[in-house]
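Please treat every number below as a calculation from the coordinates, not as lab data. As the structure is a computational prediction, the values presented were derived from the model and not from experiment. Methodologically, a virtual Cβ is constructed for each residue, glycine included, from the backbone with ideal geometry; neighbour enumeration extends over all protein chains shown.
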Amino acid sequence: MLTPEQLAALRRDLELTAELGGRRLVLRSTWGLFSPREIDEGTRLLLKEVEVKPTDDCLDLGCGYGPIGLGLAALAPQGRTLLVDKDFVAVEYARRNIALNRLTNAEAILSNGFAQIERGRRFDVIASNVPAKVGKELLAILLHDAYAHLRPGGRLYLVTLNGLRAYIKRNLLAVFGNYDKLKQGTHYTVALARRE
């Protein structure tokens, strides 16, 4: 059984510092969010491969406490970056991390996929660390909605476990008509699809 002091320590925010989007950022997280103590390998790989122009409008789909979205916002200071997640705790921490790092070009909202994003809003870059247990129905919805929310020439970057590589490739080819494997690491693969 935990002592009151040990329990109090577990309730405190976790804090980490990481280089994201060329900036040293401080991030706070909590137990129950994905990879709360460190930036996971897939996110790091994705941020190394993503190409973002300073004026790009970006979306972090399934943002968690915000490492991808904050990295995108740092890379696109003249653009706008939106972070979305269906978990209200994740969105609260993403908002705190945006404020903590003074990223005035970013905002975080609660949304199940694209459900709460304005229909007419378009992005140049959409990035997501796809959950390993994404079902085929949810993936179909997310990919079709991503296509609809990208500007012509816009790019969708997905990082997945290597075991999902062929599955993601088939789905991106079906929806976007193109697929590019940017990088395959030990455990993760970064894929790119473009809206032509």
Quiz item: Quick one: Karplus J couplings for segment 53-61, per residue in order, coefficients 6.51, -1.76, 1.60, θ = phi - 60°, nearest Hz, x for Gly and Pro?
Solution: 8, x, 9, 5, 8, 10, 10, 9, 8
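For segment 6-114, give the share of DSSP beta bridges that are antiparallel, in percent and rounded to the nearest 5; count only bridges with both residues there. Mind dumping the intermediate values first?
Working: 7 of 16 bridges.
In segment 6-114, DSSP labels about 45 percent of beta bridges as antiparallel.
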Self-check item: Mean shadow area of segment 76-119 over all directions, Cα convex hull, nm²
Solution: 3.2
Self-check item: Sorted largest first, extent of segment 54-153 alpha carbons per principal axis (Å)
Solution: 37, 32, 22
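Step by step: find N for segment 1-71, compute 2.2 N^0.38 Å, then divide the Cα radius of gyration by it. What's the final number? Could the numbers behind the result be given before it?
On the way: Rg = 14.8 Å, N = 71, 2.2 N^0.38 = 11.1 Å.
It is 1.33.
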Exercise. Within segment 40-84, report the GluC sites (Glu not before Pro) that DSSP leaves as loop and that have at most 14 other Cβ atoms within 10 Å.
Key: GLU51
Exercise. Taking only the C-alpha atoms, wrap a convex hull around the chain and report its volume per residue in Å³ as a whole number.
Key: 122
Practice problem: Take the eigenvalues of the Cα gyration tensor for segment 37-77, scale each by 5, and report the square roots as semi-axes in whole Å, largest first. | Solution: 18, 11, 8
Quiz item: Which far-off residues, 5 or more places away or on another chain, put their amide H under 5 Å from the one on ALA106, with H placed in the peptide plane?
Solution: THR81
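Per DSSP H run of at least 4 residues, take -39500 (n - 2.57); add these up for the chain, divide by its residues and hand me the 222 nm value, nearest 500 deg cm²/dmol.
On the way: 6 runs with 65 residues, N = 196.
That comes out to -10000 deg cm²/dmol.
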